[in-house]
Structure formats: structure tokens, C-alpha cells
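Peer 1: Dumping the structure here so I can ask a few things about it.
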Amino acid sequence: MTNTQVTHIQIDNYGPWTVTPEPRREVDLQTLQSRLFADLSQLFGNRDGYVFFTRFDNMIAVSNGLDMDDHALIQESVGNRYPVTMSLSVATGTDPVSALGTATEQLQDAGSAQDEHRREILRGRHIEEEFRTVDDLQIAHFDVNDATGEYTDQLNEFDTFIHIEQGYAELMRYMRQAHDSLSFFVGGDNVIAVCPDLAAPDYQDAIDHVRDEVDVDLKVGVGRGRVASDAGMVAKHALERCRATGADVEIGD
């Protein structure tokens, strides 16, 4: 059984802020979003967590190992450095979908994302140290088979992007619906999924589904760990074994 801790990160009142007192330049908004994501990636990453950007005004962190004080320090750091504030909601679950559902409900109960009076909410609970194990997290690292030969070196960049995004979107939907997992595009042709306690046939099922639906071939390395960085590194090494052996699925140990 897995024990995933998820943090829902939401910029406070972001939509109205982007047009107050008048619409802000898109380049400035994109710069703010990318810098904020980079800083959060480092702030959570320094504590062995992972952050995924989703829609940028909302982000999702896998935060096993961080307690509420850690979250408060991250929140304070952002508040001191940016013209916007953010709210954080932390929840746990035996699968990441249920954990995120609880975290999101806690934020919604605190007020709308566009409520000008809702500021720097911090809600939820973390996994107490006595209940943590080395198998709390299962992380899967997918990538596209021979993306360079099939797409990058053959098609223009936008058509390559379309193919990669189709594969990611179908994988994201299927892993969510069939396997209670959260999957995130992380650049290039890579997708990282945070999963419940899945076995090799479950991952093969997802790979076969994506191949059948959108004709994109994937492989995946899977790892387990106490924190996201540990599980993710095991998954990376397992993915390298896929590349070496030609296997679709490798489970790390």
C-alpha cells in the first residue's frame, strides 16, 4: 500500500490580479509564472519533494517528508519575493487521486480562488514520522520510444509537439481513470506519474492503451521510496534498464 502526501498550490486571486488596475503584459505574466514554478521546484526539491506546474496558477506537489512548518516557510518565502501570495492545502491518501481530492476540497472550503479576501491559507495534515515507510511512494517515469528518430529528426517542431502531447494527454486520462494515478508532462518526451500500489501488468495496460488510441509507443521505469526524490531516482534507473533491454516496463528495487 502507498501513502502519498500531496500539496495543492494555488495563487491567491490571480485572475483579477492579472487585469488590475489594467491588463498586464502577457510576457510579464509568463515570466512570473515560470520563475515562481522554478522557485517552488527548488523549495520543495530541497526537501526531497516534487512540484508539477499543471496550469501554473495551480500547481501540485508530492510532499512526503514535509510537515506543516515546512509548508509555512515555503509560503512565507514566496510572499516575501513575489507580488502575489499563494495558498497551500496538504492531504494524504493511499492513492494520489484521493489525496489531491481532499487537498482541493480544503482549499475550496476556505474560499474561491478569486476571493480577494482569501490570502495565504494553509490547511491540512502531513504524514507523521512514525507512520512513514520506505515504500510510501510509487513513481513511474514514462518516455516515448525513439522520440528523436520518430519525431524530432523527422517532423517540424510543432508537429512533434502535437504527437508528444497526444501521447501525454491519453496517458494522463487513462492513468487517472483506470489506475487512480496523477501524470504530469515534465519536458522533452517525459511524463512522471504518481501512482498507488500498481504492478507491472497495470503499467503494460497503460502503455498498450496509449499505443492503441494515439499510436505513441511508451516505456516506463517504476520506483518506490520514502520521499519523491528517492522513488523518482529509482524510477530513472529502471527506465535506463528499459532503454538497455528494450523492455516496456521495469520495476526498480
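The values are calculated or read from the model by the stated rules, or taken from the named source; none is laboratory data. Values in this document were obtained by computation on a predicted structure and should not be read as measured data. As a convention, Cβ positions derive from the backbone with ideal geometry for all residues, glycine included, and neighbour counts pool all protein chains shown. Please note that ligands, DNA and RNA were not included when accessible areas were found on the heavy atoms of the full protein model with its side chains. Shrake-Rupley method; radii C 1.70, N 1.55, O 1.52, S 1.80 Å.
Peer 1: Which values of log₁₀ I(q)/I(0), to two decimal places, follow from the Debye formula for the chain at q = 0.12 Å⁻¹ with a uniform point scatterer at every Cα?
Peer 2: Log10 I(q)/I(0), no solvent term: -0.73.
Peer 1: Then there's this: Please report the orientation-averaged projected area of region 146-199, defined via the convex hull of its C-alpha atoms, in nm².
Peer 2: In nm², the orientation-averaged hull projection of region 146-199 is 3.9.
Peer 1: Write down the radius of gyration of region 168-251 and its Dmax, each obtained from C-alpha positions, in Å.
Peer 2: Just the Cα atoms of region 168-251 yield Rg and Dmax of 11.9, 35 Å.
Peer 1: Could you give P(r) for region 211-253, binned at 5 Å from zero, as whole percent values over all Cα-Cα pairs?
Peer 2: Going out from 0 Å in 5 Å bins, region 211-253 shows 7, 26, 24, 17, 15, 9, 3 percent.
Peer 1: Continuing with the same structure: List the GluC sites (Glu not before Pro) within region 109-157 that fall in a DSSP loop (any state other than H, G, I, E or B) and whose Cβ has at most 14 other Cβ atoms within 10 Å.
Peer 2: When the GluC sites (Glu not before Pro) of region 109-157 are filtered for loop state and at most 14 Cβ neighbours within 10 Å, 116, 120, 128 remain.
Peer 1: Let me ask something else. Which values, in whole Å and largest first, are the semi-axes of the equivalent ellipsoid of region 108-253 obtained as the square root of 5 times each eigenvalue of the Cα gyration tensor?
Peer 2: In descending order, the three semi-axes are 30, 22, 13 Å.
Peer 1: Return the Rg/Rh ratio of region 122-168 with Cα-based radii and a Kirkwood Rh.
Peer 2: Here the Rg-to-Rh quotient is 1.35.
Peer 1: I want to verify the translational diffusion coefficient of region 34-128 in µm²/s; compute it with Stokes-Einstein, Rh as the Kirkwood radius over Cα pairs, at 20 °C and 1.002 mPa s.
Peer 2: 158 µm²/s
Peer 1: State which stretch of the chain is the longest one without any exposed trypsin sites (Lys or Arg not before Pro), exposure meaning a DSSP loop state and at most 11 other Cβ atoms within 10 Å.
Peer 2: 56-253
Peer 1: Moving on to the next point. Could I have the simple spin-label model distance between residue 155 and residue 81, label points 7 Å from Cα toward Cβ, reported in nm to one decimal?
Peer 2: 3.6 nm
Peer 1: Measure off, as a whole percent, the carbon and sulfur share of the 1.4 Å-probe accessible area of the chain, all protein chains present. Can you show the working numbers first?
Peer 2: Values: 5740 of 12080 Å².
Percent of accessible area from carbon and sulfur atoms in the chain: 48.
Peer 1: How big is the accessible area of residue 213 in square angstrom, nearest 10, if you roll a 1.4 angstrom probe over the protein chains?
Peer 2: Per-residue accessible area (residue 213): approximately 110 Å².
Peer 1: Subtracting the Cα-Cα distance from 0.36 nm times the residue separation, let me have the gained length for residue 169 to residue 236 in nm, one decimal.
Peer 2: Using 0.36 nm per residue and subtracting the Cα-Cα distance, I get 22.0 nm.
Peer 1: Here's a follow-up. Once you have the Kirkwood Rh of region 94-194 from its Cα pairs, apply Stokes-Einstein at 25 °C and 0.890 mPa s and quote D in µm²/s.
Peer 2: After rounding, the answer is 148 µm²/s.
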